[in-house]
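Some notes on the structure that comes next.
The values are calculated or read from the model by the stated rules, or taken from the named source; none is laboratory data. Quantities reported herein were computed from a predicted structural model and do not represent experimental measurements. All Cβ positions, even for glycine, are placed from backbone atoms using ideal geometry, and neighbour counts span all protein chains on display.
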Amino acid sequence: MIILERILAILQIISAVIVMLLVLLQSNNEDGSIVTGATENNSMGMSRDKKLARLTAYVGAAFVILTIASSTIMLVNVK
C-alpha cells in the first residue's frame with residue numbers, strides 16, 4: 001500500500017506542475033470579449049488557446065481524481 005501511496009503522490013505532483021504550466025501558457029484575453037460577448041471565429045479548427053484550455057481541464061480533472069484516490073487510500077490505511 002505504501003508503494004501505491006507514493007506512486008499516487010508522484011503523479012499528483014506531476015499533474016499539479018503540468019496544470020500550472022498550462023495555465024501560464026494560456027494567453028491573457030483582456031479585450032473585453034467577456035463583457036461584450038464577442039467570440040473568435042476560427043474556421044481552421046481549434047485555436048491554440050482552446051486546445052490549451054481543454055488540455056488544462058483534462059489534467060485538472062486528473063489532478064482532482066488523483067487527490068481523491070490518494071486521500072481515500074490514506075484513510076483506508078488508518079487503523
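Taken together, Ala57, Ala69 contain a single residue that is out of contact with any Gly (no Cβ under 8 Å at 6 or more places or on another chain), at pLDDT 90 or above, hydrophobic (A, V, I, L, M, F, W, C) and surrounded by 13 or more Cβ atoms within 10 Å (Cβ to Cβ), which is Ala69.
Condition test on Ser43, is it of a type in the set (Ser, Thr, Tyr) and either under 24 Å from the mean Cα position of the chain (by Cα) or at pLDDT 90 or above (or both)? Against the criterion (of a type in the set (Ser, Thr, Tyr) and either under 24 Å from the mean Cα position of the chain (by Cα) or at pLDDT 90 or above (or both)), Ser43 does not qualify.
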